[in-house]
Amino acid sequence: MRKVYPDATAALAGLLRDGMVIHSGGFGLCGIPAALIDAVKESGVKNLTVVSNNAGIDDVGLGKLLRTRQIRKMIASYVGENAEFARQYLAGELEIEFNPQGTLAERIRAGGAGIPAFYTKTGVGTAVAEGKPTAEFDGETYVMERGIVADLALVHAWMGDTEGNLIYRRTARNFNPVMATAAKVTVAQVEHLVPAGQLDPDHIHTPGIYVKRIVALPPGYEKLIENRTVRPRSAAAAAGSDPTA
């Protein structure tokens with residue numbers, strides 16, 4: 001089965017349709033499938049439900065799909081860095097389903113594991129639990145949350161092989177592994193594509209059985225930083241000379 005495609009547009013050909021549910025990996029701008037998101041934008045599909053930790057920032061990543069009004073509903077846990085997101089929500093133009101971050105991750109993981117629902121204490125007694133079934137276990141109240149299975153998952157990996165095995169790098173691992181398992185079709189963009197057999201099996205985070213299509217990112221692909229926090233050079237130099245700093 002040929003999994004490698006020449007570019008993001010080709011990798012998504014025949015998969016996109018109006019009204020579908022899309023998992024979008026990443027956290028802020030870390031590990032987001034930006035090239036694939038751009039291809040979704042160019043396709044013109046609309047009325048999308050997007051599951052993502054957040055919507056990135058204005059005009060970057062999912063922020064582009066918000067600007068073009070292609071997203072109808074966001075299922076997310078954080079929205080604080082995107083002014084257009086906030087504007088559309090407050091104006092009643094965008095539907096939002098808020099989730100505690102751990103609950104969102106578990107809903108996606110459960111979907112990938114074939115678990116239709118689970119109970120958690122997180123959110124009990126708050127707006128998060130409104131309208132949801134509850135049950136008591138060992139004298140404590142829990143709220144039921146549904147697993148999420150998307151029509152399409154878009155993920156970013158540091159390295160992958162031609163069979164779809166993926167390795168994520170550091171914090172870019174975030175939501176990508178669970179989303180890769182929880183969709184009818186998973187498409188991955190990878191920074192480094194190698195022939196099958198070159199990845200150490202012990203280092204693989206997502207087995208290729210979950211990945212249907214892959215696109216290798218071009219050399220020099222820019223990975224943006226949401227907020228860069230550094231110490232002044234003089235303070236950093238002083239800390240380097242002091243082993244207790």
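The values are calculated or read from the model by the stated rules, or taken from the named source; none is laboratory data. Computed from a predicted structure; not experimentally measured. Only protein heavy atoms, including side chains, enter the accessible area calculation; ligands, DNA and RNA are left aside. Shrake-Rupley method; radii C 1.70, N 1.55, O 1.52, S 1.80 Å.
On segment 1-83, 53 percent of the accessible area sits on carbon and sulfur atoms, based on a 1.4 Å probe.
Over the chain, Cα pairs under 8 Å with separation of 6+ residues give a relative contact order of 22 percent. The apolar share of the surface of segment 105-168, taken as the fraction of accessible area on carbon and sulfur atoms (1.4 Å probe, ligands and nucleic acids excluded), comes to 51 percent.
From the largest down, segment 42-160 spans 51, 40, 23 angstrom on the principal axes of its Cα atoms. Quick check: from the Cα gyration tensor, does segment 100-245 come out rounded (a/c under 1.5), prolate or oblate? Here segment 100-245 falls in the oblate category.
Spatially close Lys pairs in the chain, defined by Cα atoms under 21 Å apart and a spacing of eight or more places or different chains, total 16.
Which shape class, rounded, prolate or oblate, goes with the chain when its Cα gyration tensor gives a ≥ b ≥ c as root eigenvalues, a/c under 1.5 marks rounded, and past that a/b bigger than b/c marks prolate? Rounded is the answer for the chain, as its axis ratio a/c remains below 1.5. Taking every protein chain into account, the accessible area of segment 68-126 amounts to 49 square angstrom per residue (probe 1.4 Å).
Cα centroids of segment 125-163 and segment 39-111: how far apart, whole angstrom? Their Cα centres are 16 Å away from one another.
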